[in-house]
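Note sheet for the following structure.
None of the figures in this text is laboratory data; all of them are computed from the coordinates on show. Everything numeric in this text was worked out from a predicted model, so none of it was measured.
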Amino acid sequence: MQIPPTLRCPGGRLILLVTILVLALAGCSREERDETRSAEELYVDAKAALEGRNYQTAIDRYRRLTTLYPFGRHAEQAQLDMAYAMQQGRQPEEALTTLDRFIRTYPTHPNVDYAWYLKGLVHYDEAMGMLRRLFPGQVVDRDQESARRAFLDFQELIQRFPQSRYVADARQRMVFLRNVLAEYEITVGEYYFRRKAYIAAVNRARYVIENYPGAPANINALELMERSYQKLDLPQLAADTNQVLEYNFSELRDQRDEDQPGWFRRLWPFD
């Protein structure tokens, strides 16, 4: 049996103990210094770490600030900045918890609109992820709960604060999320169609039409309904669906067939 080096060498244990003691004393020394500093000084330090993209350091400093000075404008802003650092530092759950607490505690704060916007961004980032940024075609293949939450957060922002400077960006993201959610429903509907569950496919297509008006997937939803009705031997319903398609989307269908845009371009129709 091997003996751990620190047990074989007394000097090794001594070095380890000295290192631990030095680190502990350094931590205590910093905490003591913090207690003598003003809230503004602590906030400046935390802000510098945030601007330097040292997100964990910024989080620790903001947390220290709110512990020493739980009230006042610096503590309030520190919570928002800390949530942003958590979002940037890929700590979504911690960011959401901080934002929810801020919204409950300061519902009339001048920057509470930003809290709602940042909540939407946290869920939006979860919905997309790095893989989805690189391969947008994979978005519809995964669970859409984060996309739904992001959509609702942005919707809440727009309804509560229609004059907010974040509304324009939130609207664009909502359009994209609406299109993603609609496309996802079609993907599921096509799965049902392949499994010969035609009624379930019709229900999915109808859900898209009723809940995501204006989404590009509405054309696909009607086409899925028409094919499903044909399989169910319901020729009149199939003909009625085709008539709706021709009346509303004939030009778009022709354009789609001639020059099909990329998946991402269809769902994010902005310059």
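Extension gain for E210 to L232 (0.36 nm times residue separation, less C-alpha to C-alpha distance): 5.8 nm.
Relative contact order of region 158-227, taken over Cα pairs closer than 8 Å and 6 or more residues apart, is 28 percent.
Expressed in units of 2.2 N^0.38 Å, where N is the residue count, the Cα radius of gyration of region 66-127 is 1.05.
Length available on full extension from N248 to K196: 0.36 nm per residue minus the Cα-Cα distance, which gives 16.0 nm.
Rounded to the nearest Å, what's the spacing between the alpha carbon centres of region 68-114 and region 145-217? Just the number, please. Taking the Cα centre of each part, region 68-114 and region 145-217 sit 28 Å apart. Note on D240 and E145: the extension gain reaches 30.9 nm, defined as 0.36 nm multiplied by sequence separation minus the Cα-Cα distance. Note on K119: lysines with a C-alpha under 24 Å away, same-chain residues under 8 apart excluded, are K47. Using every pair of distinct Cα positions in region 160-252, the Kirkwood expression returns a hydrodynamic radius of 14.1 angstrom. Within the straight-line cut-off of under 28 Å between alpha carbons, the lysines reachable from K196 are K231, sequence neighbours fewer than 8 places apart in one chain being disregarded.
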